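First comes the structure, then the notes that go with it.
The values are calculated or read from the model by the stated rules, or taken from the named source; none is laboratory data. For clarity, every value in this text was computed on a predicted model and none was experimentally measured. For accessibility, only protein heavy atoms count, side chains too; no ligands or nucleic acids. Shrake-Rupley method; radii C 1.70, N 1.55, O 1.52, S 1.80 Å.
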Amino acid sequence: MSDALVVDDDPVTRLVLTHMLRSHGWRSDAAADLPEAAAMLREHTYDLVICDFLLPSGTGTELLDVLGESAPTRFVLLTGIIEYSAIPVEASQRLSARLTKPVSSEALREVLGRIFAEGPA
């Protein structure tokens, strides 16, 4: 079983995404902000991080920087449609995928299938 971390300040989004991941066979943890997520990443290696782009404590691309360039973790940025243009190009190139809110189970399944075509990292 693979491990995922969901980072979003909205408790409903966190709950829905962790539930969807679990229904796809993943163990999943959740964090409400960047400091909590960074602490969890220091304690555990995740195969997948799904992180909201805009958080009160910073941006999802800042968490991508915490992971570093060589991390085996796949990183999916969660955004609203109008936020796409605010994502820095260099960060966008390091993303495994993007999901647009609200996320459907089908969209999540498609992204997981695409980025883990050969199995988790």
Helix-derived [θ] at 222 nm for the chain: sum -39500 (n - 2.57) over DSSP H runs of at least 4, divide by residue count, nearest 500? -11000 deg cm²/dmol
Calculating percent of Cα pairs over 18 Å apart from this structure picks out, from (1) 66; (2) 45; (3) 51, entry (2)
Hey, can you find the accessible area per residue of the chain for me, probe 1.4 Å, expressed in square angstrom? 51 Å²
Working out 0.36 nm times the residue gap between ARG94 and ALA117, then minus their Cα-Cα distance, what length gain in nm do you get to one decimal? 6.5 nm
In segment 1-112, what percent of the accessible surface is made up of carbon and sulfur (1.4 Å probe, ligands and nucleic acids excluded)? 54 percent
